[in-house]
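Down below is the structure, laid out as structure tokens.
The values are calculated or read from the model by the stated rules, or taken from the named source; none is laboratory data. Just so you know, these numbers come straight off a predicted model, no measurement behind them. Note that each Cβ is placed from the backbone with ideal geometry, even for glycine, and that neighbours are counted across all protein chains shown.
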Amino acid sequence: MDFGFRPDSFPSKALPRHSTSCDKNVDTLIVGTGIAGSALAFELEKRNASYIVCTEQDTALANTSSISFGHCRIPKQNELEETIRKSVLHLGDNEDRVRFIYSNAGSVKDFFSELGIRYKKRSFGIIPSGKERGGAKILRALQKNISAIETSAHLVHLSESNSVFRAIFRRKGTHFKVRAKKVVLATGGYAGHFAHTPAFRNHNLKIFEMVQLLGGLVVNNHCVFLHPFAFNRGREILTGNKVKLGQFVDNEGNLVFRKRTRHMLENNCYHECFDRLLAESNARRKQGHGIIFAFGNQAIPIMPAAHYTSGGIRTDQFGRVFGCNNLFAVGECAADGKRNGGRLPGYPFTAAIVQGKVLGERLSKK
Ligand SMILES: Cc1cc2nc3c(=O)[nH]c(=O)nc-3n(C[C@H](O)[C@H](O)[C@H](O)COP(=O)(O)OP(=O)(O)OC[C@H]3O[C@@H](n4cnc5c(N)ncnc54)[C@H](O)[C@@H]3O)c2cc1C
């Protein structure tokens, strides 16, 4: 597919990691160092492309991607159509996009091998092995290979004129500019307890305004997906087999969920009934109860937490923002799905890795 990029007149070498806050010219500017931004930067770095990747945080590891498990969904060949059907019909996702992502999901294994990340199989895909959080492990491995990271760089303005983008970043009371032919927004959604979430959408709302001013579309901004079983202030969630090993009880030790719901929990089908889990546990909360997960001799207080957002910037499957030439949005800032049902678990990491590979290839072409 022709992306319509014109020959590069910008410097072809990546900027040094610890460059000062002076203005910069690059071919591709990436905003965000989560899985979406880092996976793409890694691909550009490998191709010796001219790029820079910025984060408003003091460290490139401070984002939602680092606190996630890094579980990547890879449908088996005989599950592919069913996975796509579920994503489209049940969750309202875009068929072209999910077909593209899941058909190429096998490349996630190559990506892990390339980075030397050992992984194990899980119910719907693969997850990094070892004690460290999967998301942090992947990001650390990626960022070791990325030389052009700018930290403490908060994007505050983005405009375009004569096919050149001009981005203004605020850094600790000063500002610097980046001129780029292509801009990739990888600014995330929101997840976890707001106070602990670097990618809290307040920031992103400004990003959305910038996109709209450039002629792009932002849709379904209200679609926030709540996970019913968060703890440790939303930094962690109960997942997988653990959920069926304990009981959810209220302050007085009464079982919280109805029999049918408990049956789904016991069968590890809790992702299919989040709405019901939230409704039943919130009914109990309204009566003044807390919800506790009793597991062996542990009692973990559970709260719903924002897990991810389905709405955001309208793009095609390659991340191209509709209506804006050479502007891209990848990862959670892009809209995928249109209902509160959200995405299938493990989709975000797979999507970021697959899109990173394809976009890296395309954006590095002169
Ligand atoms: C507890 C938990 C577990 C999860 N487990 C999984 C899992 O196992 N598998 C899976 O696929 N998904 C999982 N998810 C979802 C997944 O983590 C997210 O969808 C994904 O990390 C989003 O990645 P991202 O790169 O789009 O955004 P983020 O990781 O949120 O990164 C956004 C980046 O943009 C930067 N940024 C934002 N605004 C600006 C600005 N104005 N200027 C400069 N920089 C800016 C931020 O600093 C940050 O670097 C989990 C989520 C949670 C909360």
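State whether the residues of the range 322-333 include one that is farther than 30 Å from Ala105 by Cα and away from the ligand (no atom under 13 Å from the Cβ).
There is no residue in the range 322-333 that is farther than 30 Å from Ala105 by Cα and away from the ligand (no atom under 13 Å from the Cβ).
Give me the residue from the range 125-137 that is near the ligand (Cβ under 10 Å from one of its atoms) and in a helix (DSSP H, G or I) and, out of that set, farthest from Ala60 (Cα to Cα).
Looking at the filtered set, the residue picked out is Gly134.
Taking the residues in the range 38-77 that are within 6 Å of the ligand (Cβ to nearest atom) and in a loop (DSSP other than H, G, I, E, B) as candidates, determine which candidate is modelled with the lowest pLDDT.
Taking the candidates together, the pick is Ser68.
Looking only at the range 277-303, which residues are under 20 Å from Cys223 (Cα atoms) and out of contact with any Phe, Trp or Tyr (no Cβ under 8 Å at 6 or more places or on another chain)?
Listed by number, the residues that qualify are Leu278, Ala279, Asn282.
Going residue by residue through the range 84-102, is there one that turns out to be buried (at least 18 other Cβ atoms within 10 Å of the Cβ), more than 17 Å from Leu344 (Cα to Cα) and at pLDDT 95 or above?
no
Considering only the range 240-276, state which residues are in contact with a helix residue (DSSP H, G or I) (Cβ under 8 Å, 6 or more places away or on another chain), under 22 Å from Phe69 (Cα atoms) and in a helix (DSSP H, G or I).
Correct list: Val243, Lys244, Leu265, Glu266, Tyr270, Glu272, Cys273.
Mind counting the residues in the range 258-300 that are over 26 Å from the mean Cα position of the chain (by Cα) and either at positive phi or within 16 Å of the ligand (Cβ to nearest atom) (or both)?
Of the residues in that region, 4 qualify.
Suppose we filter the range 280-292 for residues that are surrounded by 13 or more Cβ atoms within 10 Å (Cβ to Cβ) and among the hydrophobic types (A, V, I, L, M, F, W, C); how many remain?
2
Can you name the number of the only condition in (1) within 12 Å of the ligand (Cβ to nearest atom); (2) polar (S, T, N, Q); (3) not assigned by TED's automatic domain parsing to the domain that holds Val218 that Thr350 fails?
(3) is the only condition that Thr350 fails.
Quick one: would you say Gly130 is at positive phi and either more than 20 Å from the chain's Cα centre (by Cα) or modelled with pLDDT of 95 or more (or both)?
Taking the combined requirement at face value, the residue satisfies it.
What number of residues in the range 233-271 are surrounded by 16 or more Cβ atoms within 10 Å (Cβ to Cβ), modelled with pLDDT under 90 and of a type in the set (Asp, Glu)?
Number of matching residues: 1.
Looking at (1) away from the ligand (no atom under 11 Å from the Cβ); (2) in contact (Cβ under 8 Å) with a residue 60 or more places away in the chain; (3) among the aliphatic types (A, V, I, L, M), which is the only condition Ile149 fails?
The single condition Ile149 does not satisfy is (1).
Right, Arg233: in a loop (DSSP other than H, G, I, E, B) and farther than 25 Å from Gly92 by Cβ or not?
Yes, satisfied.
Any residue that is among the aliphatic types (A, V, I, L, M) and within 11 Å of the ligand (Cβ to nearest atom) - is there at least one of those in the range 241-254?
no
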